[in-house]
1. Filter segment 183-216 down to the residues that are polar (S, T, N, Q) and assigned to a loop (DSSP other than H, G, I, E, B) and list them by number.
2. Considering only segment 132-142, I want to know if a residue exists there that is of a type outside the set (Lys, Arg), in contact with a strand residue (DSSP E or B) (Cβ under 9 Å, 6 or more places away or on another chain), near ligand 1 (Cβ under 10 Å from one of its atoms) and assigned by TED's automatic domain parsing to the domain that holds Gly30.
3. Residues of segment 160-178 being in a helix (DSSP H, G or I), crowded, with 16+ Cβ neighbours inside 10 Å and either of a type in the set (Asp, Glu) or touching a His at 6+ places or on another chain (Cβ under 8 Å) (or both), which ones?
4. Using the structure shown, decide if Ala239 is at pLDDT below 95 and within 16 Å of ligand 2 (Cβ to nearest atom).
5. Yes or no: segment 103-113 includes at least one residue that is in a loop (DSSP other than H, G, I, E, B), among the β-branched types (Val, Ile, Thr) and either within 16 Å of ligand 2 (Cβ to nearest atom) or crowded, with 17+ Cβ neighbours inside 10 Å (or both).
6. Out of segment 9-27, which residues are surrounded by 11 or more Cβ atoms within 10 Å (Cβ to Cβ) and of a type in the set (Gly, Ala, Ser)?
7. Hey, any hits in segment 115-137 for a residue that's within 16 Å of ligand 2 (Cβ to nearest atom) and under 15 Å from Val58 (Cβ atoms)?
Amino acid sequence: MNNSTDQLEARRVARRKMISDAAAALRDGGLVAFPTETVYGLGGDATNDLAVTRIFEVKGRPRFNPLIMHVASLEQARAHGVFNRVALKLAEAFMPGALTLVVPRRPESAISLLATAGLDTVALRMPAHPTARALLKAATVPVAAPSANKSGSVSPTTALHVAEQIGKELAVLIDGGACRIGLESTIVACVDDAPVLLRPGGIAREEIERVIGRRLRDGGSSVKPSAPGQLASHYAPNAILRLDAQTVEPGEALLAFGPKIPEHDGPMRNLSPAGELPEAAANLFAHLRALDAEDVGRIAVMPVPAFGLGEAINDRLKRAAAPRE
Ligand code: AMP
Ligand code: MG
């Protein structure tokens, strides 16, 4: 073996140890932050009331907002939720991946009632990120995991974002680099025959509609409770956002999109110079944080197209721009 294969092997051993330590911490009731392809998650044993309570405390999250349970397999998901025909079709197409399904909760499920906020439904996701998958498999329990940030603020897409906000509260923080998708999962409720889009996210509505061969109903108020991602103000930076900006006003920073950008010499980030929506999604939260860190006060945001991942990007921007309490 030469030097570099030694190094590779050492890294593999370290990663395996980190994952088994994190799984042990989870089973012990501790909190673990881990990478997924969407954003970093703040995980706790979903069957442990105390661990679930700590998740709400650490995030400062309202208790009426149920969490998403993360599982290693469809079999594990089906032990906790009832999958109808549409749910199974979606699971086959998008699990593992950036889709969360809200389905009827099985009465015999050991998931904490706090985690589902007392609802008779449960949100289940199987992430695709290899580290998340290895962790969930090793943990054996379902893992309740909202985004690893303070409630209402911008979601973390790097381990550094997590460390800055909640690092002290964690038993383990697994660094998996930057998140590939960078937006939260798409949430679809499959409670009856007509699936409902509860939150746009990392999988575009069009992709889902293609698989089920019909339009998704728009959720929100029709399904209770509304997702916290549906709270008017969420994903909010400190700065005020001005959407659909064609020009930049004095004192504003610029969050640009595409190749043609208005004249501006202050702080600027471009979501995607090429005008590509997946790239813009992956950059959205990190760019909002970066502009926020410059203490700009106001951010002018250029228009982003509304199709594909643009639906979720515009959803997050709208909530980030909403008046705060
Ligand atoms: P977050 O963990 O911040 O990504 O948010 C999880 C989202 O899933 C929130 O918008 C929750 O309201 C939503 N959610 C979780 N469980 C349910 C459920 N049983 N019914 C409807 N929405 C849910
Ligand atoms: Mg969140």
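The values are calculated or read from the model by the stated rules, or taken from the named source; none is laboratory data. Predicted model, so just to flag it, every value in this text is computed and none were measured. Don't worry about glycine lacking a Cβ; one is built from the backbone with ideal geometry, like all the others, and counts go over all protein chains shown.
1. Residues of segment 183-216 that are polar (S, T, N, Q), as a first pass: 185-186.
Across segment 183-216, the qualifying residue is only Ser185.
2. No - not one qualifying residue is present in segment 132-142.
3. Within segment 160-178, Glu169 is the sole residue that qualifies.
4. No: the conditions fail for Ala239.
5. Yes, because at least one residue in segment 103-113 is in a loop (DSSP other than H, G, I, E, B), among the β-branched types (Val, Ile, Thr) and either within 16 Å of ligand 2 (Cβ to nearest atom) or crowded, with 17+ Cβ neighbours inside 10 Å (or both).
6. We begin by selecting, within segment 9-27, every residue surrounded by 11 or more Cβ atoms within 10 Å (Cβ to Cβ); these are 9, 15-16, 18-27.
Of everything in segment 9-27, those that are surrounded by 11 or more Cβ atoms within 10 Å (Cβ to Cβ) and of a type in the set (Gly, Ala, Ser) turn out to be Ser20, Ala22, Ala23, Ala24, Ala25.
7. The answer is yes; a qualifying residue exists.
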